[in-house]
Amino acid sequence: MATITYSFNNFVPEFVVNSTTDGYQFRPDVAVLENGDLFFTFETGDLAFQDVVFRRFDSNGNALDVGDRLVSAGGGSDIEDDSAVAVLSNGNVVVVNEDDDGGPEDDVEFHIFDPSGAIVDTQNIVTQAEGQATDNQTDPVVAALAGGGFVVAYTDEFAGSGTNTNAEFVIYNNDGSLRAGPVIAGGAGSALSVSQPAVVGLTGGNFVVTWTEDVGGGDLNVISRVYDSIGNAVSAEITAVFQPDNQYDPALAALPNGGFALAYIDQYNGAATNTELEVGFFDASGNETDTRTIDFGTDLISHCDIAVISSNYLLVSYTSDRNGNSDVFAQVFDFSGNEIGEEFNLEVTTGVQTASSVAGMGGGRFFAAWNDSEAAGADASGTHVAAQGTQFIRTTTGDATNETLTGDDLRDIMYGAGGNDTLNGGAGADTMSGGLGDDIYIVAATGDVTFEFAGQGTDTVRSYIDWTLAANVERLELQGSGDLNGTGNALNNTLVGNAGNNLLNGGAGNDYMVGGGGDDIFVVAAAGDSTIENAGQGTDTVRSYIDWGLAANVERLELQGSGNLSGTGNALNNTLVGNAGNNLLNGGAGNDYMVGGGGDDIFVVAAAGDNTIENAGQGTDTVRSYIDRTLANNVERLELLGAGDLNGTGNTLDNTLVGNSGANILSGDNGNDYITGGAGNDTLNGGAGNDTLIGGAGSDILNGGTGNDRFDFDLVSHSPAGPALRDSIVGGFSHGFDLIDLSTIDANTLAGGNQAFSFIGSAAFSGVAGQLRYSNYNGTVIIDADVNGDSTADMQILVAGTNFMAGTDFIV
């Protein structure tokens, strides 16, 4: 069975809030803004004059304001005190305080600021219910409403009595305009005194007002009532159950379940030194669901405050005299009223610490501020406002059995020990160690950490967020439907995507990656990596640092880095994208879209719908085609493959076109093209430009087109004698510009080396090897070549459109 312990960590060490060091700084209140920044209010001054000021800090305790800032522009000669702060639904901040401006009465006023501390609404005086010009309004508190607006509660001197007071409240909209009130909540004109109001807005939009009421006989009761957002009472008065003891110093907190918690101090048995902390729990209608009591014996406690610190826990702070001085302590409760962990001292230094204020940040984190008499830093006056950030931590330790350890939004530390454990830290930033066994980790927060050592089983992380596997964890399964990233480690990992668009990167090792339903991206770097997709599961991509062939149902391949890599498609219509290296891209079946990139790339095409893309200046690129093909822009070379009778066409560049063993038609278009036919009976068209045409084996037709063209014959067998065997040069041979190149043919096979031909015009052969002649047949010339001296043509070339040949027409 698992064991649970609790601890605390000050994630922001104690710091001084006030920048003013003269006089006194005391009675702080603190609120957490929507962005996590902190807004402190407190009083500063001396016995004659004092101001309410504020100062902002970030969540790491760094000051956002250079110094203390006045809440009211009328500060200086007034006596301002009793401030409170609340964060409105629109992100602005409202500050209330009591103001004695030297007139006949004390007023309650409020100011609204934006999160930067800029004033939004100027000084507003809260209206009193009785309307007596000399009545005093004191003890102001404020709470934001869930649906917008805020409530200011305070005590109001009744009808100029000078002693008797009511608890009243007024409701305002977010912009400071009046919504409802003033409404008398407690006292209602009685002769008894009401004090210490508290107020909190509930999650459902209602709010609770609590006050301390003198019920006669020297007894004080804490009384509460629930109101709707326009000030109508929705519950009867709720009185604390510990009568006839004295109850006082109430504090309220709204619970996530719609109810609220009430903390107060109970002085029992009529003894001033016998105090208890009472914490009551109520539903949204004000029905009490539980109460917890902490008896401090002869310790005297005071100044309690309360804050929700996580989805399941709240914290009550208070001042106690148990150590001889006054110190600030705290206790955590769950929402059923159970004490969680031990009471702890928030501040352990010397001096006197009192009047704490706490504000929850979620995840078990909270900030506390208090009066501190200890000299600190530049403030040696002995009175300053101190604060610190603290986190409540839960540690759960399993045993040797198979267990499920579950957390929430607290910071959890979990040890699975032995067994096949499931560790679910919940929403907090958790640290989990499974130990021996095949463990499962469920992670949902970016601050989560998992620990495994080598040889501790085959372990799995199930993640609701982007996740990288820690060392010694083998498997990652992405959860939910969000677009998440999953990264492996040095092991042979299994990465499993969810229904979203995932990025799966196995890292080192031979990894097995399963994409799932979305448009997934796989990053591969090892030859043993595998990618798995089923049909209909989105449009998926592999980004590869190695040679890669797309697996079934993956649509796109992107080669990474700068190495010379090969990429191969599958039966789908693929997109293949090269890198900066020399790539070989083979789309395979399907109509594929291939982008070469910066190097000297090779494209293999086999479908009429294949496309090849190159930009200018991106190397010398080649298409190897099993079908008729026209070169796209910026591709230089075409090689026809297989044995079919295929056609190949160039573009405006200087192209190289290479035929296969079939009967090809190769057309160079513009540019200075190099065209070689191969083994079949080919037709070669040079087009514009200075082209080189090589018919190769077979009876070929060579048309140079315009420009200074070269007709290159490398072997006698490339144009043997005979009408059915010889090559034909058509399209008009331009003497003095076009050339027939025979330089690579040995003109005399009877002698060693490569002998040059001797042009003899139209004269007959004389039995000398190497003679080259022509015959004119009505505007068509047949060139004969004798390479063995038998006076018989061993090689013939037909040239149409001319009636002569000159020696300058040949490279011999």
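Among residues belonging to the range 632-655 that are of a type in the set (G, A, S) and closer than 17 Å to G677 by Cα, point out the one that is surrounded by the most Cβ atoms within 10 Å (Cβ to Cβ). The qualifying residue surrounded by the most Cβ atoms within 10 Å (Cβ to Cβ) is G650. Among the residues of the range 492-515, those identified as surrounded by fewer than 24 Cβ atoms within 10 Å (Cβ to Cβ), within 17 Å of R462 (Cβ to Cβ) and not polar (S, T, N, Q) are V496, A499, G500, Y512, V514.
Listed here are the residues, each with its yes/no results for (1) assigned to a strand (DSSP E or B); (2) farther than 20 Å from T792 by Cα; (3) at pLDDT below 95.
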| position | (1), (2), (3) |
| --- | --- |
| N708 | no, yes, no |
| G722 | no, no, no |
| L725 | no, no, no |
| I729 | yes, yes, no |
| S734 | no, yes, no |
| F737 | no, yes, no |
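Regarding G216, is this residue under 18 Å from A143 (Cβ atoms) and in contact with a Leu (Cβ under 8 Å, 6 or more places away or on another chain)? In short, no.
Being surrounded by fewer than 18 Cβ atoms within 10 Å (Cβ to Cβ), in contact with a Phe, Trp or Tyr (Cβ under 6 Å, 6 or more places away or on another chain) and under 24 Å from L252 (Cβ atoms) holds for only one residue in G337, G360, G389, and it is G337. Residues to consider are Y626, Y674; find the one that is under 18 Å from G704 (Cα atoms), of a type in the set (F, W, Y) and at pLDDT 95 or above. Testing whether each residue is under 18 Å from G704 (Cα atoms), of a type in the set (F, W, Y) and at pLDDT 95 or above leaves just Y674.
Once the range 150-160 is narrowed to residues that are under 24 Å from D249 (Cβ atoms) and of a type outside the set (V, I, T), the residue that is modelled with the lowest pLDDT is F158. Of everything in the range 178-218, what is at pLDDT 95 or above, farther than 20 Å from D245 by Cα and among the β-branched types (V, I, T)? Give them in sequence order. V199, V200, T203, V208, V209 - these are the residues of the range 178-218 that are at pLDDT 95 or above, farther than 20 Å from D245 by Cα and among the β-branched types (V, I, T). Pairs linking a residue in the range 736-765 that is among the polar types (S, T, N, Q) to a residue that is modelled with pLDDT of 95 or more and assigned to a strand (DSSP E or B), with Cβ atoms under 8 Å and 6 or more positions apart or on different chains, are S743/I811; T744/D712; S758/Q771; S758/L772; S762/R773; S762/Y774; S762/S775; S762/N776. Among the candidates G578, G563, the residue that is closer than 15 Å to Y545 by Cα, of a type in the set (G, A, S), modelled with pLDDT of 95 or more and surrounded by 20 or more Cβ atoms within 10 Å (Cβ to Cβ) is uniquely G578. Residue check: N371 meets all listed conditions (1) closer than 13 Å to I309 by Cα; (2) at pLDDT below 95; (3) touching a Pro at 6+ places or on another chain (Cβ under 9 Å) but one, namely (1).
When Q755 is tested against (1) over 16 Å from I782 (Cα atoms); (2) buried (at least 18 other Cβ atoms within 10 Å of the Cβ), just one condition goes unmet, and that condition is (2). Given the structure, is T692 under 60 Å from the mean Cα position of the chain (by Cα) and over 18 Å from F810 (Cα atoms)? Spelling it out, it is not the case that T692 is under 60 Å from the mean Cα position of the chain (by Cα) and over 18 Å from F810 (Cα atoms).
Return yes or no: is N553 part of a loop (DSSP other than H, G, I, E, B) and either in contact with a Phe, Trp or Tyr (Cβ under 8 Å, 6 or more places away or on another chain) or closer than 20 Å to N615 by Cα (or both)? The answer is no for N553.
Number of residues in the range 705-739 that are under 19 Å from N672 (Cβ atoms) and in contact with a Lys or Arg (Cβ under 8 Å, 6 or more places away or on another chain) equals 2. Applying a threshold of 6 Å to beta carbon distances and a minimum spacing of six or more residues, or different chains, the list of pairs starting in the range 775-790 at a residue that is on the phi > 0 side of the Ramachandran plot and ending at one that is surrounded by 14 or more Cβ atoms within 10 Å (Cβ to Cβ) reads G789/A769. Within the range 293-309, residues that are free of Cβ contacts under 8 Å to residues at least 60 places away in the same chain reach partners that are assigned to a loop (DSSP other than H, G, I, E, B) and among the aliphatic types (A, V, I, L, M) with beta carbons closer than 9 Å, at six or more positions or on different chains, in the pairs T298/A271; L300/A272; V308/L255. Strands (runs of 3 or more DSSP E) fully within the range 429-547 that include at least 2 residues being polar (S, T, N, Q) and modelled with pLDDT of 95 or more: 431-433, 460-463, 485-487, 530-532, 541-544. Scanning the range 343-353 for residues that are part of a strand (DSSP E or B) and buried (at least 20 other Cβ atoms within 10 Å of the Cβ) yields one hit, Q353. Of all residues in the range 508-541, those that are of a type outside the set (F, W, Y) and in contact with a strand residue (DSSP E or B) (Cβ under 6 Å, 6 or more places away or on another chain) total 9.
This table checks each residue for (1) modelled with pLDDT under 90; (2) closer than 23 Å to C304 by Cα; (3) basic (K, R); (4) in contact with a strand residue (DSSP E or B) (Cβ under 8 Å, 6 or more places away or on another chain).
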| residue | (1), (2), (3), (4) |
| --- | --- |
| S7 | no, yes, no, yes |
| P13 | no, yes, no, yes |
| T21 | yes, no, no, yes |
| L33 | no, yes, no, yes |
| G36 | no, no, no, yes |
| F42 | no, yes, no, yes |
| F49 | yes, no, no, yes |
| D58 | no, no, no, yes |
| G61 | no, no, no, yes |
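Within the range 515-556, restricting attention to residues that are within 24 Å of the chain's Cα centre (by Cα) and of a type in the set (A, V, I, L, M), the residue that is farthest from I602 (Cα to Cα) is I521.
The values are calculated or read from the model by the stated rules, or taken from the named source; none is laboratory data. On a predicted model such as this, the values are computed, not experimentally measured, just so you know. In this analysis, Cβ positions are derived from the backbone assuming ideal geometry, glycine residues included, and neighbour counts consider all displayed protein chains.
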